[in-house]
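Peer 1: Next up is a structure, given as structure tokens.
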Amino acid sequence: MKFFFPEYNNGSRIIVTTRVSNLFAHLSDSLVKIGFLDEVNSWTLFTKIVFGEQSFPTQLETIGKKMVEKCNGLPLSIVVIGGLMAKSELTLEYWEHIEENLSSIVNLEDDGYCLSILKLSYNHLPAYLKPCFLYMGVFEEDEEILASRIVQLWICEGFLKPIDNKSLRTIAKQYLEELVDRNLILVHKSRILGNVISYKIHDLLRDLSMKEAQKQRFFYVLREESREGVISQPRIIIPRSTSKQKIKDALEYMTHARSYLVLCGYKEVSQFPNSRFLRISHTRMMC
């Protein structure tokens with residue numbers, strides 16, 4: 001930062017921070033693109049927040065590095081977790097408990113401080129991009145999301161509208177580029193010529209999409225709670241961990257769903273006899 005703000009004794013300077021990558025073109029030619037922290041810098045930031053200048057206790061170092069690894073280089077997440085651990089008991093048992101429940105604890109800390117900040121990016125999305133972002137929550141944690149798959153699903157869901165005689169696939173790619181420019185999803189793999197093969201979404205942003213989707217009844221994740229919860233849901237997600245019996249019981253109530261995304265290839269989920277409005281049945285053999 002000092003390179004961009006030399007001391008010439010000629011007055012103030014202005015720093016503009018944004019998660020919208022293409023905004024800088026309207027402001028200045030001086031851009032510092034800050035990416036995720038690497039392993040070393042993530043650990044340095046975490047240790048300074050938790051223990052300051054004091055040495056890190058040897059017995060907590062291994063579990064501490066596991067926590068930092070789960071932050072995936074996101075400074076916001078590291079700062080929140082570090083602040084939490086700085087006030088915690090210095091016992092291995094307590095730190096292991098925090099590490100096992102890290103995602104839920106971070107989201108609850110300080111009234112969901114992380115999510116409340118990230119939610120600003122979602123709130124300022126144009127209307128046509130909001131369902132596309134929410135849809136990223138249907139994928140598994142840390143899953144590599146193929147570009148061809150998400151484009152196909154968006155088209156089938158009816159999220160895309162023709163613009164200037166462009167094909168729906170072209171529009172879908174533009175939407176994906178916009179989500180990348182807004183730092184809501186990440187390019188994971190791309191070809192030499194720049195064509196994107198796959199994307200990923202950070203765990204915290206995935207949590208945000210799932211929470212917003214739940215509020216808006218955008219999709220429903222089938223779990224072990226009451227089976228009546230699937231009634232009137234437009235999209236049903238069946239995770240890998242779902243038992244066969246749970247799926248069998250829930251099938252009777254899936255009468256209004258238009259989309260099923262099955263993350264486990266049970267034969268029991270190959271047909272949906274009670275689904276009169278079915279438009280999409282997408283099954284991935286992941287079991």
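Peer 1: Please list the non-local residues whose amide H lies under 5 Å from the amide H of SER190, H modeled 1.01 Å from N, same-chain partners needing a gap of 5 or more.
Peer 2: ILE197
Peer 1: Relative to the present Cα-Cα distance, how much length would full extension add between ALA86 and THR62 at 0.36 nm per residue of separation?
Peer 2: Going from the current span to full extension adds 7.0 nm.
Peer 1: Moving on to the next point. Just to check I understand the Karplus step: with θ = phi - 60° and J = 6.51 cos²θ - 1.76 cosθ + 1.60, what whole-Hz values come out for segment 168-185, glycine and proline as x?
Peer 2: 5, 5, 5, 5, 4, 5, 5, 4, 4, 4, 5, 5, 5, 4, 8, 6, 9, 9
Peer 1: Pick out, from VAL32, SER55, GLY83, the residue whose Cα sits farthest towards the positive end of the charge dipole of segment 29-89, with +1 on the Cβ of Lys and Arg and -1 on the Cβ of Asp and Glu.
Peer 2: GLY83
Peer 1: Between rounded, prolate and oblate, where does segment 71-192 land on the alpha carbon gyration tensor, with a ≥ b ≥ c its root eigenvalues, rounded for a/c under 1.5, else prolate if a/b exceeds b/c? Numbers along the way, then the final one.
Peer 2: Details: a/c = 2.99, a/b = 2.35, b/c = 1.27.
Note, shape of segment 71-192 comes out prolate.
Peer 1: HIS188 to LEU76: extension gain in nm, 0.36 nm per residue of separation minus the Cα-Cα distance?
Peer 2: Working: separation 112, 0.36 × 112 = 40.32 nm, distance 2.09 nm.
Taking 0.36 nm per residue and subtracting the Cα distance, the gain is 38.2 nm.
Peer 1: 5 Å is the cut-off here: which amide hydrogens, built 1.01 Å from N in the peptide plane, fall below it relative to ARG19, excluding neighbours closer than 5 in sequence?
Peer 2: Those lying under 5 Å, H to H, from ARG19: there are none.
Peer 1: With unit charges on the beta carbons (Lys and Arg positive, Asp and Glu negative) and the dipole taken about the Cα centre of segment 140-224, which residue among TYR175, ILE185, PRO162 sits farthest to the positive side?
Peer 2: Towards the positive end, the residue furthest out is PRO162.
Peer 1: Taking a 1.4 Å probe, which of SER209, SER116 shows the most accessible area, and what order do the others take after it? List each step's numbers first, then the result.
Peer 2: Numbers: SER209 0, SER116 60 Å².
Reading off the accessible areas and sorting them downward yields SER116, SER209.
Peer 1: Taking amide H positions as placed 1.01 Å from N in the peptide plane, with prolines and chain starts having none, which residues 5 or more places from LEU146, or on another chain, fall under 5 Å of its amide H?
Peer 2: The answer is TYR199.
Peer 1: Here's a follow-up. Tell me the accessible surface of ASP164 in square angstrom (1.4 angstrom probe, heavy atoms of protein chains only), to the nearest ten.
Peer 2: Probe radius 1.4 Å; accessible area of ASP164 about 130 Å².
The values are calculated or read from the model by the stated rules, or taken from the named source; none is laboratory data. All values reported here derive from a predicted model rather than from experimental measurement. Quick reminder, even Gly has a Cβ in these numbers, built from the backbone with ideal geometry, and neighbours come from all protein chains shown. Side chains are part of the model used for accessible areas, which takes the heavy atoms of the whole protein and leaves out ligands, DNA and RNA. Shrake-Rupley method; radii C 1.70, N 1.55, O 1.52, S 1.80 Å.
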